[in-house]
Amino acid sequence: MHELSIAQALMDIVAEEAARHGLKRVVRVAVRVGALSAVVPEALKFSFDLVKEGTVAAEAELVIEEVPLWGRCQDCGAEGEMDGPLDQCQACGSSRMEILAGRELTIDYIETDEDQSQGG
Ligand SMILES: [Zn+2]
């Protein structure tokens, strides 16, 4: 199960960030999931619920923002949403498309219910 290892990797980052900022409780983890990352959001949520047990994020909700595949034509410069990585330019038909977005699988933000502590 692809999503389980991804959820575990995300949780490792969340735990690391929480430790760095001295957070004891994470209430929300937001991730950006690109169309090309081949992640099924529902499966990722399910996996996240499994791996969060016993961590600082045990009560956390996973928020998934799906990022569409977005490209720019290297011939005419037109930008647009793509159906797949081999999609052609809608303006000129070129296949030299540079993918600008849609590959990401990153943490957008981590939210805590604690006040930010002063200094440090
Ligand atoms: Zn073009």
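Values in this text are rule-based calculations from the coordinates and carry no lab data. Note that the coordinates shown come from a computational prediction; the quantities given were computed from them, not determined experimentally. Positions of Cβ are backbone-derived with ideal geometry, glycine not excepted, and every protein chain shown enters the neighbour counts.
Key figures for this structure:
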quantity: Label-point separation in nm, Asp108 to Lys45, each point 7 Å along Cα→Cβ; calculated: 1.4
quantity: Using alpha-carbon coordinates, inclination of helix 41-51 to the longest axis of the chain, degrees; calculated: 30
quantity: Spacing of the two label points (7 Å from each Cα toward its C-beta) at Glu59 and Ala15, in nm; calculated: 2.0
quantity: Loop GluC sites (Glu not before Pro), region 56-107, which have at most 13 other Cβ atoms in a 10 Å radius of their Cβ (DSSP); calculated: Glu59
quantity: Tensor-based shape of region 10-120 (alpha-carbon gyration tensor, a/c under 1.5 rounded, otherwise prolate or oblate); calculated: prolate
quantity: Residue-count net charge about Cys73 - beta-carbon cut-off 10 Å; Lys, Arg +1, Asp, Glu -1; calculated: -1
quantity: Between region 86-113 and region 21-73, the alpha-carbon center distance in angstrom; calculated: 18
quantity: Arg96/Ala38 FRET efficiency (R0 25 Å; Cβ-Cβ; nearest 0.05); calculated: 0.60
quantity: Antiparallel bridges, percent of DSSP beta bridges restricted to region 32-120 (to nearest 5); calculated: 75
